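Since every read-out is calculated from the coordinates, none of them should be taken as a lab result. The structure presented is a predicted model; accordingly, all values stated were derived computationally and were not measured. Note that each Cβ is placed from the backbone with ideal geometry, even for glycine, and that neighbours are counted across all protein chains shown.
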Amino acid sequence: MTILESISHKQCIALEDQYGARNYKPLDVVLSRGEGIWVWDVQGKKYLDMLSAYSAVNQGHCHPKIVAALVEQARKLALVSRAFRHDQLGLFYKELCELTHSHMVLPMNSGAEAVESVIKAVRKWGYREKGVPDGKAEIIVCENNFHGRTITIVGFSSEQQYRDGYAPFTPGFKIIPYGDADALQDAITENTVGFLVEPIQGEGGIIIPPDGFLARAREICDRNNVVLITDEIQSGLGRTGKLLAEEHDGVEADLTLIGKALSGGLYPVSAVLSNRKVLGVFQPGDHGSTYGGNPLACAVARTALRVLVEEGMIENAAKLGPYFMDQLRTIDSPHIKDIRGRGLMIGVELHNSAGGARRFCEALQDKGLLCKETHEHVIRFAPPLVITKDEIDWAMNAISDVLRME
Ligand SMILES: *Cc1c(COP(=O)(O)O)cnc(C)c1O
């Protein structure tokens, strides 16, 4: 094997394309360094990261305290598997539970694994506690959802491309329109065990449900002994200006999924947060993960949570999100159809006549802003939560120019 010491922009792209599976079509920017809201490409050009790795780097790139926690723990102890106990796990549980008012935690790695785990837990709860006949448990999900990419999860996606060619799928799921509480009520049967919902649909195009939807869902779930599961993997951990987006609706789910920013982008860490009732169904051996809850993950996540709170990032999102949206609303562009968001989770939807969001993202890249279209017509603006007002003003110049182009 030959090792290339230093590698050019073109070579990086050529190698990726030659050897990698083609399941992504990234912008042709090759990044090699990050700090806070900024990233640099191999040619030294600096960009403001408006995607934040889909909200995994809410705390900013390479946050020095999280990096220090990672390095320090990596030098001490990284992985023991759950066959043995270690000195980081209990502290991680306690701090996470106190912060989120949860009773119990199941640590996993990726978001999709947290979703898979919650499906197992809620089905088992249905059979053991609710008395659903074995094999009959139903889980209700929403149209336009995004919960990850495993076979079971894409099986209940309504996005054709996520499913195409992957059948057969796991049975036991029903899809209702997002934001429709009456449809939830109608879809519930005696075999319904859970309702899985994103408080805001991120990948779906920054879709915010009607006011009161989550509160009504809470009430319907309570009345029917159905477990309410919020997927806060993207909307949680400060992104919307609250620790969890469900707080905007005054709702506490029975089970909440977090991931992404749980490590501030330093390591894959996810978790199922629960009241005891549901996660309590797991007995030793029922579920597991070699890396789930490892010392390195725990040390990183503890610090990622601490800086999120101590450095006022949640308040910053609450304060600057509305400011950013107000500024966007001043742009006079025939392409803009809708501007919506909560905190620093913002979507600008373009008219079909604009010719798709991609070309605008490419123009923004030229001006030093990295954005990604979600679906075809929405530009997402979701910078790290450490962004300042001046930096938003700087970005607004570029955004305003680009959105006013032909
Ligand atoms: C990203 C995401 C997931 C999946 O997380 P992975 O770590 O990519 O598996 C699940 N749900 C939501 C809402 C997400 O945004």
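Brief remarks follow.
- Region 102-248 - convex hull of the alpha-carbon atoms, volume per residue in Å³: 114 Å³
- Between region 23-82 and region 310-379, the Cα center-to-center distance that results, in Å: 22 Å
- Sites matching GluC sites (Glu not before Pro) across region 139-196 that sit in DSSP coil, with at most 15 neighbouring C-beta atoms within 10 Å: Glu159, Glu190
- Convex hull volume per residue, computed on the Cα atoms of region 64-310, equals 126 Å³.
- Mean shadow area of region 33-83, taken as a quarter of the surface of its Cα convex hull (nm²): 5.0 nm²
- Estimated purely from DSSP H runs of n ≥ 4, each contributing -39500 (n - 2.57), the mean residue ellipticity at 222 nm for the chain is -10500 deg cm²/dmol once divided by its residues.
- Phi to ³J(HN,Hα) by Karplus 6.51 cos²θ - 1.76 cosθ + 1.60 over region 247-254, Hz, x for Gly, Pro: 5, 4, 9, x, 10, 10, 6, 6
- Sequence-distant residues sharing a close amide H with Asp338 (under 5 Å, placed H): Glu349
- The trypsin sites (Lys or Arg not before Pro) of region 211-317 include none that meets both criteria, a DSSP state outside H, G, I, E and B (loop) and at most 14 other C-beta atoms within 10 angstrom of the site's C-beta.
- Scaled radius of gyration (Cα, divided by 2.2 N^0.38 Å) that region 216-278 gives: 1.18
- Using 0.36 nm per residue and subtracting the Cα-Cα separation, the extra length available between Tyr127 and Lys25 on full extension is 32.5 nm.
- Candidate aspartates and glutamates for bridging to Lys277, where Cα separation is under 13 Å - those fewer than 8 sequence places away on the same chain excluded: Glu129, Asp254
- Convex hull volume of region 136-180 per residue (C-alpha atoms, cubic angstrom): 65 Å³
- Peptides 85-94, 356-365, ordered by how many other C-beta atoms sit within 10 Å of their residues on average, highest first, read 356-365, 85-94.
- By the beta-carbon count within 10 Å of each Cβ, the least crowded to most crowded order of Ser235, Ser289, fewest first, is Ser289, Ser235.
- Segment Ser400-Thr170, length gained on full extension (0.36 nm per residue, minus Cα span): 78.3 nm
- In the chain, the longest principal axis of the Cα atoms and the axis of helix 89-100 are about 80 degrees apart.
- Between 0 and 90°, nearest 10: helix 295-310 axis offset from the chain longest Cα axis: 70 degrees
- When only alpha carbons are used to place a centre, region 152-183 and region 186-239 end up 15 Å from one another.
- For the chain, the relative contact order is 23 percent, taking Cα pairs closer than 8 Å that sit 6 or more residues apart in sequence and dividing their mean separation by the residue count.
- Projected label distance in nm at Ser8 and Thr189, using a 7 Å step from Cα toward the beta-carbon: 6.2 nm
- Across region 272-356, counting alpha-carbon atoms alone, Rg and Dmax equal 20.9, 59 Å.
- The lysines whose alpha-carbon is closer than 30 Å to the alpha-carbon of Lys319, local same-chain residues fewer than 8 away aside, are Lys45, Lys46, Lys65, Lys94, Lys242, Lys260, Lys337, Lys367, Lys372, Lys389.
- Per-residue 3J(HN,Hα) values for region 345-354, derived from phi via the Karplus relation 6.51 cos²θ - 1.76 cosθ + 1.60 with θ = phi - 60°, read 10, 10, x, 10, 8, 9, 5, 4, 5, 6 Hz in sequence order (x marks Gly and Pro).
- In terms of packing, defined here as the mean over residues of other Cβ atoms within 10 angstrom, the peptides 178-186, 37-45 line up highest first as 178-186, 37-45.
- Compared with the direct C-alpha span, the chain from Gln161 to Ser353 gains 66.8 nm at full extension, assuming 0.36 nm per residue.
- Long-range HN-HN contacts of Glu198 with modeled amide H, under 5 Å: Asp231
- Each distinct pair of alpha carbons in region 1-122 adds a 1/r term; the inverse of their mean, the Kirkwood radius, is 18.4 Å.
- Nonlocal amide H pairs with Lys174, under 5 Å, H built at 1.01 Å: Ile139, Ile140, Val141
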